[in-house]
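The values are calculated or read from the model by the stated rules, or taken from the named source; none is laboratory data. Computed from a prediction, not measured in an experiment: that's the story for all the values here. When we count neighbours, we look across all protein chains shown, and the Cβ atoms used for this are built from the backbone with ideal geometry, even at glycine. Ligands, DNA and RNA are stripped out before the accessible areas are found, and what is left, the full protein with its side chains, is counted by its heavy atoms. Shrake-Rupley method; radii C 1.70, N 1.55, O 1.52, S 1.80 Å.
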Amino acid sequence: MKLSNYLIATLKEAPSDAETTSHQLMVRAGMIRKIAAGVYNFLPTGLRVFRKVENIIREEMDKAGAIEVMMPFVTPADLWNKSGRGEIYGKELLRFKDRADRDFCLGPTHEEVVTDMVDREVKSYKNLPITIYQIQPKFRDEIRPRFGVMRAREFTMKDAYSFDINEAGAEKSYINMFNAYKSIFDRCGLTYKAVEADSGNIGGSFSHEFMVLAETGEDLVLSCDKCDFAANVETTSIKENTSTVTGGTDLISANEISTPKMTSVDDIANFLKVSSGDIVKTLVLESDDDLIAVLIRGDHDLSLTKLKKFLSVNFLDFASEEVLKKRNIVKGFCGPIDLDIKIYSDNAIKLMTNFITGSNKLDFHSQGVNHDRDFPVESFGDFREAVDGDLCPCDDCVGTLSSTRGIEVGHVFKLGTKYSESMNATFADQDGKEKNYYMGCYGIGVGRVVAAAVEQNNDENGIRFPIALAPFQIVIISTDKKEGESLLKAREVYDFLLNLSYDVAIDDRNENPGVKFKDAELLGIPLQLRIGPKSLAKGLVEFKNRLSGEIIEIDKDNLELIKEKIDELLR
RNA sequence: CGGGGUGUGGCGCAGUUGGUAGCGCACCUGUUUUGGGAACAGGGGGUCGGAGGUUCGAGCCCUCUCACCCCGACCA
């Protein structure tokens with residue numbers, strides 16, 4: 001590529017709406033531009049990187065035996081009604097009507113479409129197992145898109161779906177994809193971790209997320225210091241430390257204390273000079289049909305994900321103020337005593353006696369509260385979020401957990417028969433009977449992989465792309481903008497490398513050398529070949545390595561040696 | 001959705017008590033430069049997000065609206 005005839009849209013300053021490093025750098029490098037909230041243009045250099053990721057994914061999927069198709073971005077709402085997921089997906093699903101008033105939506109994922117497709121085309125167990133994939137845009141009307149293409153509303157995803165005749169087959173397909181994912185992220189040069197995860201809206205029984213480790217990640221990953229356990233905080237189960245009994249063995253009687261205007265755990269802890277762990281907070285939530293209360297230790301956080309799973313409900317969220325008012329629940333002073341809704345209690349509370357809670361009266365709390373004696377508990381369970389220092393949940397493991405932030409770039413799920421049942425998708429098995437497919441689904445966010453790579457690889461000069469992802473692997477920089485020996489030599493080497501199919505660009509723009517160096521570094525091109533009067537006078541050209549900063553000089557006329565050096569440096 | 005904030009040239013910003021819009025970068029022309037985002041001179045580009053209103057006069061005041069950004073269980 002001749003950069004004199006290309007679009008290098010670099011900026012000195014990032015727009016003020018770019019917060020994270022990757023967002024700022026991708027905009028400054030001229031890779032992306034926003035055209036609406038969560039909707040982006042990919043400019044030429046951005047697209048080149050995007051394609052490299054896409055190609056790696058495609059190659060590895062093909063190698064793993066997955067079959068590429070393309071399903072529509074616009075899908076009929078009917079399919080979503082069929083699976084019953086239209087309601088659950090809610091506002092994230094962007095719906096609209098066509099001219100004949102028929103309902104459509106922009107596909108946020110394609111389980112419905114692919115299940116329908118396979119059901120139409122595959123009739124017999126003889127055609128199974130099969131794994132279908134596509135690389136295609138998706139649209140999710142996120143509440144809050146952010147961080148550039150990291151969490152965009154329109155984004156490109158590689159989504160794959162496996163169909164098997166039974167559970168064991170599904171397991172094999174899952175492992176096959178899991179391994180393909182490892183190859184993909186290895187080839188992308190990312191530092192990542194595969195962790196146990198929640199399956200969220202997609203549903204299903206079991207899943208892993210592939211997390212790129214980075215400070216700005218939106219997810220929290222907990223890993224064990226003794227074994228190889230690692231999981232998203234959303235799903236990490238907790239082994240409570242049974243030695244931390246608090247409150248003493250003699251039960252004291254409950255009494256109310258005046259706590260004017262003290263609505264937070266911290267207020268109460270400061271006022272009573274106790275630690276927040278001595279306090280129990282009573283959280284009131286709305287679920288599918290009714291309100292429920294959850295007791296959580298003052299210094300812990302509720303995990304909505306875990307509680308939702310425990311209750312097996314579709315909807316669960318904190319009760320609104322209106323609802324609380326209607327039920328005469330006093331915000332800020334809620335407690336379990338005389339509360340006429342079901343009370344669930346976190347396991348950490350089981351060991352506590354004589355604790356402090358709200359008293360359901362404005363400006364009053366209760367101390368010396370004990371469960372069972374003072375209020376009934378519907379059920380104890382593991383409802384809180386794990387934190388640094390919690391025990392590893394694995395059997396027989398004595399390790400403790402520590403947390404790191406991560407960017408979820410890939411997710412693999414076992415779906416079982418969830419969709420094949422709801423959509424009545426079947427094949428004829430060996431015994432001639434119709435059976436539901438055992439499915440799995442597997443996603444990778446292509447743009448997010450690019451952003452994650454930038455987030456993980458940068459310095460004060462810009463992006464330090466892994467060689468496999470860089471927009472170009474080599475840029476030949478003529479440091480003299482006049483038509484002359486430097487430019488001629490640069491063109492000669494460029495033609496030579498281009499003929500050998502190297503991923504090479506020539507910076508023949510009418511710019512000062514400093515501009516070209518800065519752009520090459522901002523864009524993260526791993527190798528610069530600098531050709532200018534200074535070194536040519538000595539009969540040399542020079543390489544600069546973006547990653548090591550090292551500069552090497554080489555005989556200007558020995559093209560073979562130049563080629564060898566490139567091969568060596570790109571290895 | 002709730003709360004907060006911001007909209008002025010491509011990007012980053014300034015704009016006083018209301019008096020008719022400016023700076024840096026970028027862009028164009030010329031000259032000089034030429035190894036780390038060059039210098040000088042000249043130049044182009046703005047319905048001040050939009051609509052309505054107040055006023056002799058609105059970027060500035062008022063009303064509505066749109067867009068974008070940030071925060072949002074922490075308590076119950």
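Miscellaneous remarks
- Solvent-accessible ranking of A:Arg153, A:Arg464, largest area first, probe 1.4 Å: A:Arg464, A:Arg153
- Computed magnitude of the charge dipole of chain A (debye, nearest 20; Cβ of K, R +1, Cβ of D, E -1): 1620 debye
- Within the straight-line cut-off of under 18 Å between alpha carbons, the aspartates and glutamates reachable from A:Lys158 are A:Glu54, A:Glu59, A:Glu60, A:Asp62, A:Glu68, A:Glu111, A:Glu112, A:Asp186, A:Glu209, A:Glu408, sequence neighbours fewer than 8 places apart in one chain being disregarded.
- Computed over protein heavy atoms with a 1.4 angstrom probe, the accessible surface ordering of A:Leu401, A:Leu7, A:Leu561, A:Leu362, largest first, is A:Leu362, A:Leu7, A:Leu561, A:Leu401.
- Top positive-direction residue, dipole computed over chain A with Cβ charges, set A:Tyr192, A:Pro471, A:Asn127: A:Pro471
- In chain A, the sites counted are GluC sites (Glu not before Pro) in DSSP loop states with at most 14 other Cβ atoms within 10 Å, and the longest stretch holding none of them, exclusive of the sites, is A:20-214.
- Share of carbon and sulfur in the accessible heavy-atom surface of segment A:56-162 [1.4 Å probe, %]: 51 percent
- Centre separation in Å (Cα based) which lies between segment A:316-372 and segment A:102-165: 43 Å
- Inverse of mean 1/r across different Cα pairs in segment A:481-571, Kirkwood, Å: 13.4 Å
- Environment charge of A:Lys193, counting only residues whose C-beta is closer than 13 Å and scoring Lys/Arg +1, Asp/Glu -1: -4
- Per the Cα gyration tensor, segment A:317-419 maps to an equivalent ellipsoid with semi-axes of 33, 21, 15 Å, ordered largest to smallest.
- Cα convex hull of segment A:141-274 - mean projected area over all directions, nm²: 15.4 nm²
- Within segment A:255-381, DSSP assigns beta bridges of which about 70% are antiparallel (rounded to the nearest 5).
- Viscosity 0.692 mPa s, temperature 37 °C, Stokes-Einstein D of chain A from Kirkwood C-alpha radius, µm²/s: 120 µm²/s
- Carbon-plus-sulfur accessible fraction, segment A:472-570 (probe radius 1.4 Å, protein heavy atoms only): 49%.
- Net charge contributed by nearby residues that have their C-beta within less than 11 Å of A:Arg297 (K/R +1, D/E -1): -2
- Here the accessible area is traced with a 1.4 Å probe on the protein chains. For segment A:255-381, carbon and sulfur cover 48 percent of it.
- Mean Cβ neighbour count within 10 Å, used as a protection proxy, ranking A:128-135, A:369-376 highest first: A:128-135, A:369-376
- Placing +1 on the Cβ of every Lys and Arg and -1 on the Cβ of every Asp and Glu, with no other charges, gives segment A:1-88 a dipole of roughly 380 debye about its Cα centre.
- Taking other residues whose beta carbon is less than 15 angstrom from the beta carbon of A:Asp101, and scoring Lys, Arg as +1 and Asp, Glu as -1, yields +1.
- Unit charges at the beta carbon, dipole of segment A:255-381: most positive-side option, A:Phe310, A:Ser366, A:Ala293: A:Ser366
- Segment A:469-518 and segment A:441-459 have Cα centres lying 28 Å from one another.
- P(r) tail, segment A:255-381: Cα-Cα pairs separated by more than 22 Å, 30% of all pairs.
- Since only A:Val409, A:Gly247, A:Phe96 are under comparison, the one whose Cα sits farthest along the positive direction of the charge dipole of chain A, derived from C-beta charges on Lys, Arg, Asp and Glu, is A:Phe96.
- Rh (Kirkwood; distinct C-alpha pairs) - segment A:1-87, Å: 16.4 Å
- Surface exposure of segment A:472-570, expressed per residue as accessible area with a 1.4 Å probe, stands at 44 Å².
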